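Asks: Below you'll find the structure I mean.
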Amino acid sequence: MFHPKLFENRNVVVTGAGRGIGLEVARQFLDCGARVAVHTGRSKSRDLPDFLLTAEADRRAVLISGDFSEPGGTATFAWKVLDAFGTIHVLVNNAGTMVGRFPAGELTDQDYEVVTRLNQTSVVEVTRALLPALRAAKGAAIVNTVSISALTGGSPGSAIYSASKAFVSTYSKALARELAPDMIRVNCVSPGTIETDFHERYSSREKLEATRKTIPLQRLGTSEDCAPAYLFLAAPSLAGYITGQVLEINGGQLIC
Ligand SMILES: NC(=O)c1ccc[n+]([C@@H]2O[C@H](COP(=O)([O-])OP(=O)(O)OC[C@H]3O[C@@H](n4cnc5c(N)ncnc54)[C@H](OP(=O)(O)O)[C@@H]3O)[C@@H](O)[C@H]2O)c1
């Protein structure tokens, strides 16, 4: 694993970190000495692992809940983050989900709005609100979670979700150029099929097994497979000359 002081005295924000990939990313940043503003998801009462509660008690973590689909949800979250951190060295925009599978002809305006608001609009809003604090770090990094489906289009019923991830991928590349003069690097991590609660909701066991067989490394991914990519891209000492890139973590599921 990375050096335990890699992010010492660094302020890190991770959204969607109450479970799944984001939770493991937050854990590894804490293990490397960072202070972490952990967006725990929508619910205040969600059961959180002991390491997060201990880090909160030790003042190394600030736990903030909030629904990014609600009006004002991202603004309230950003306000709480800025109350905790004047300067932000790393922002990980990871909160997101498919919401549901919506066949193209049955998609309602509300379905479309909910999927795009969470997976793309919230990324733009959180980034914009935290930008002054990222600029103040004079050497910050943004790492956005996208998806293999941004390139492949995903599977039936995931068109808007997949397109929203492609939006974030392109948005990140544009920001990489625009924010380079502010010494802010912007990159993405693109997970393949990762075993989290995400697929419990949207994919059957049969579908996952069929997918597994197509993966050259012959297994589905884990949050532990993904998290080091975020730390790598966030660390100026490791990835200081990398910006505008998408790192695919998929066991070879997509090689192009
Ligand atoms: N798992 C995969 O195979 C896979 C593949 C490609 C990309 N991804 C992406 O990876 C990221 C993490 O996914 P995961 O697999 O770790 O899924 P997960 O375990 O379902 O975690 C998703 C996180 O996003 C949060 N979130 C969902 N809806 C929200 C809302 N309306 N407002 C605020 N936060 C919300 C969740 O909070 P709650 O606890 O409140 O739901 C949770 O913390 C997502 O952006 C996802 O699209 C996942």
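The values are calculated or read from the model by the stated rules, or taken from the named source; none is laboratory data. On a predicted model such as this, the values are computed, not experimentally measured, just so you know. Here Cβ is always computed from backbone atoms with ideal geometry, including for glycine, and neighbour counts include all displayed protein chains. Accessible surface areas use protein heavy atoms only, side chains included; no ligands, DNA or RNA. Shrake-Rupley method; radii C 1.70, N 1.55, O 1.52, S 1.80 Å.
Asks: Within the stretch 90-125, track down each residue that is in contact (Cβ under 8 Å) with a residue 24 or more places away in the chain, farther than 19 Å from Ser65 by Cα and open to solvent by 20 Å² or more (accessible area, probe 1.4 Å).
Replies: Arg101, Phe102, Pro103, Ala104, Leu107, Asp111, Tyr112
Asks: Then there is this: For the stretch 36-55, which positions are in a helix (DSSP H, G or I) and either near the ligand (Cβ under 10 Å from one of its atoms) or under 13 Å from the mean Cα position of the chain (by Cα) (or both)?
Replies: Selection gives nothing.
Asks: List the helices (runs of 4 or more DSSP H) inside the stretch 142-256, counting only whole elements, that have at least 2 residues being open to solvent by less than 50 Å² (accessible area, probe 1.4 Å) and on the phi < 0 side of the Ramachandran plot.
Replies: By residue number, 149-152, 159-179, 197-202, 205-214, 223-234.
Asks: Look through Gly16, Gly22, Gly33 and report the one residue that is assigned to a loop (DSSP other than H, G, I, E, B) and within 15 Å of the ligand (Cβ to nearest atom).
Replies: Result of the check over Gly16, Gly22, Gly33: Gly16.
Asks: Among the residues of the stretch 56-77, what is the count of those that are surrounded by 17 or more Cβ atoms within 10 Å (Cβ to Cβ) and away from the ligand (no atom under 13 Å from the Cβ)?
Replies: 2
Asks: Which one of these does Glu24 not meet: (1) in contact with a Ser or Thr (Cβ under 8 Å, 6 or more places away or on another chain); (2) closer than 21 Å to Ala137 by Cα; (3) acidic (Asp, Glu)?
Replies: Going through the list (1) in contact with a Ser or Thr (Cβ under 8 Å, 6 or more places away or on another chain); (2) closer than 21 Å to Ala137 by Cα; (3) acidic (Asp, Glu), Glu24 breaks only (2).
Asks: Of the conditions (1) aliphatic (A, V, I, L, M); (2) closer than 18 Å to Asn93 by Cα; (3) free of Cβ contacts under 8 Å to residues at least 40 places away in the same chain; (4) touching a strand residue (DSSP E or B) at 6+ places or on another chain (Cβ under 9 Å), Ala163 clears all except one; give me its number.
Replies: The single condition Ala163 does not satisfy is (4).
Asks: So, one more: Only one of Val143, Val115 is within 12 Å of the ligand (Cβ to nearest atom) and within 15 Å of the chain's Cα centre (by Cα). Can you tell me which?
Replies: On the way: Val115 fails: within 15 Å of the chain's Cα centre (by Cα).
One residue alone meets the criteria, Val143.
Asks: Pick from the stretch 164-197 the residues that are charged (D, E, K, R) and in contact with a helix residue (DSSP H, G or I) (Cβ under 9 Å, 6 or more places away or on another chain): which of them is farthest from the ligand (Cβ to nearest atom)?
Replies: Asp182
Asks: Let me ask another. In a loop (DSSP other than H, G, I, E, B) and within 23 Å of Val123 (Cβ to Cβ), is that true of Lys5?
Replies: no
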